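For reference, the structure discussed in these notes is given below.
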């Protein structure tokens, strides 16, 4: 609820008026996640859905919306489309997560952790556990030295290797 | 690109057709993040913006859109609104992150990590470091035993304490 929960802007990043965020990775990623229906399809793909009918029914999206989202996600490289054929049936499309799509899992898990605390009062409807040891799983922010970051004010923002000057 | 990148559904969660995801924390959280403009305002709040004019200019949103998003975010409890007054000026609104809003930082960082790899080829325009030790920061998925989870197929989905049966 105060300045202590904000990220520290350092070097050429301070003051904030000196630069523009045209090349912002958060906004760029959100450009592919796009909207709630994309997120629901991503969730079902992570839960193992592959067939059009499963995506539509499990997300509760209308068929035209599900079809439009699946097409976008294939174009964006989040899903790969091929075909399957059951005996005596015509070939139908199948959609599977690419590595690019699968690596969005931490975004969904971060949303889950947040909702578990702020919407479900730590009584989540679903639980994720580590297959090997059965312990509950959560998203953490850590530095390369292994320190866990608990608050935004422990973070410092600097230009990265792909930074460009304004103008 | 295969079934190995999906989450394992266990116990009453398998098969997937046996339950509905009406109470999905990922979807619930996304209901508050809503859209790209909310994300941009959240980013600027994390970077320390507090004034209406700063939110509008730094996000590139139009003033009506920025105003609508700020109002929603205050109603959702992500931002708290009060006033500030400069000498000889009228009082103006100020917006600051609440704890609820600040705790969405891992969602933004997960989006950043993903875009750094999949859009910027590991040449990110911005870098986040740990203030105390200067080491670069990233989002990790870990279980309570401290094991890092690298792939979705190391995760098992189970009903949580807030699960409800269908019907």
(request) Measure off 7 Å from each Cα along the Cα-to-Cβ vector at residue B:22 and residue A:34, then give the distance between these two points in nanometres to one decimal. (result) 2.8 nm
(message) Give me the percent relative contact order of the stretch A:61-134, please, defined on Cα pairs under 8 angstrom at least 6 residues apart.
(response) 19 percent
(message) Quick check: residue separation of residue B:163 and residue B:135 times 0.36 nm, minus the Cα distance between them. What number comes out in nm?
(response) 6.1 nm
(request) Considering only DSSP beta bridges where both residues belong to chain B, give the percentage that are antiparallel (nearest 5). (result) 80 percent
(request) Could you quote the convex hull projected area for chain A, Cα atoms only and averaged over all directions, in nm²? (result) 14.6 nm²
(message) Measuring nothing but label to label, 7 Å from Cα along Cα→Cβ, what are residue A:92's distances to the other copies in nm, shortest first?
(response) 5.8
(message) Please compute the modelled spin-label separation between residue B:51 and residue A:62, points set 7 Å along Cα→Cβ, answer in nm with one decimal.
(response) 4.5 nm
(message) What does the copy distance list look like for residue B:52, label position 7 Å along Cα→Cβ, in nm and ordered from shortest?
(response) 4.8
(request) Determine the shielding of peptide A:94-106 by partner chains: average, over its residues, the number of Cβ atoms on other chains within 10 angstrom of each Cβ. (result) 6
(request) Mind sorting A:107, A:139 by how few other Cβ atoms lie within 10 Å of their own Cβ, fewest first? (result) A:139, A:107
(request) May I ask for the angle, rounded to the nearest 10°, between helix A:105-118 and the longest principal axis of chain A, with both axes built from Cα atoms and the value confined to 0 to 90°? (result) 70 degrees
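What number does the protein assembly as shown give for Rg over Rh if you use C-alpha atoms and the Kirkwood radius?
Radius of gyration over Kirkwood radius for the protein assembly as shown works out to 0.98.
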(message) Per-residue Cβ counts within 10 Å, from other chains only, averaged over B:5-18: what number is that?
(response) 4
(request) With both partners inside the protein assembly as shown, how many of the DSSP beta bridges are antiparallel, as a percent to the nearest 5? (result) 90 percent
(request) Using only alpha carbon pairs under 8 Å that are at least six residues apart, calculate the relative contact order of chain A and give it in whole percent. (result) 29 percent
(message) At 7 angstrom along the Cα-to-beta-carbon line, where would the label on residue B:12 sit relative to the other copies? Give the distances in nm, shortest first.
(response) 5.6
(request) From other protein chains only, count the Cβ atoms within 10 Å of every residue's Cβ in B:37-49, then give the mean. (result) 5
(request) Pull out the extension gain between residue B:117 and residue B:89, defined as 0.36 nm times the separation in residues minus the alpha carbon to alpha carbon distance; nm, one decimal. (result) 5.4 nm
(message) Using Cβ counts within 10 Å as a stand-in for footprinting exposure, how do A:133, A:24 rank, fewest first?
(response) A:133, A:24
(request) Output the direction-averaged projected area (hull surface divided by four) of the convex hull of the alpha-carbon atoms of the stretch A:90-145, in nm². (result) 7.0 nm²
(request) Mind putting together the pair-distance distribution for the stretch A:1-93? All Cα pairs, 5 Å bins, whole percent per bin, short to long. (result) 2, 11, 17, 17, 12, 9, 7, 9, 7, 5, 2, 2, 1, 0
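Every read-out reported here was derived from the displayed coordinates using simple, explicitly stated rules and does not represent laboratory data. Just so it is clear, the structure is predicted and the values come from calculations on it, not from any experiment. As a convention, Cβ positions derive from the backbone with ideal geometry for all residues, glycine included, and neighbour counts pool all protein chains shown.
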